[in-house]
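Since the structure comes first, as structure tokens, the remarks are kept for the end.
Derivation of every value follows stated rules applied to the coordinates shown; laboratory data play no part. This is a predicted model, so every value here is computed, not measured. With ideal geometry, Cβ positions are generated from the backbone for all residues, glycine too; neighbour counts draw on all protein chains shown.
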Amino acid sequence: MGKTLPLDREGNLGRLVRLMVTTKSHAQAPARSLDQRMEALQRANDVRVRRAQLKRDLKAGNESIETILLDPPEWVETAKVFDMLMAVPKFGRVKASRLLNQCRISQSKTVGGLSERQRTELVELFNHRG
């Protein structure tokens, strides 16, 4: 025979199950002070501003994608390679996707997450594109 489950006082199994589920503890991020949260927000905003400027510089030809890929500044390391390629003139979704596929690099890969092989192969293919 199957197992019998105990019921709550009114004989309602559903209510008992809901009670058990709601009392389960959930992991939470550590509490941060207002100063810590504001500092993190300021850092995130600084990174966004610097990346936006970098993308404008890439688009204008004032910065080279090769330099960014081979020796990325710390604030670029968490940026997606795909997004950086999209900022290069004459590079759209198709060309960027194709280049990443040739190098066996996921579109969600970050600049800091690239291996040395991936970096050099990507720069080499970028320089020899036709």
Residue span LYS90 to ASP46: 0.36 nm per residue of separation minus Cα-Cα distance leaves a gain in nm of 13.1 nm
Projected label distance in nm at SER115 and GLU74, using a 7 Å step from Cα toward the beta-carbon: 2.7
Could you pull out every one of the aspartates and glutamates with an alpha carbon less than 17 Å from that of LYS59, ignoring same-chain neighbours closer than 8 positions? ASP83
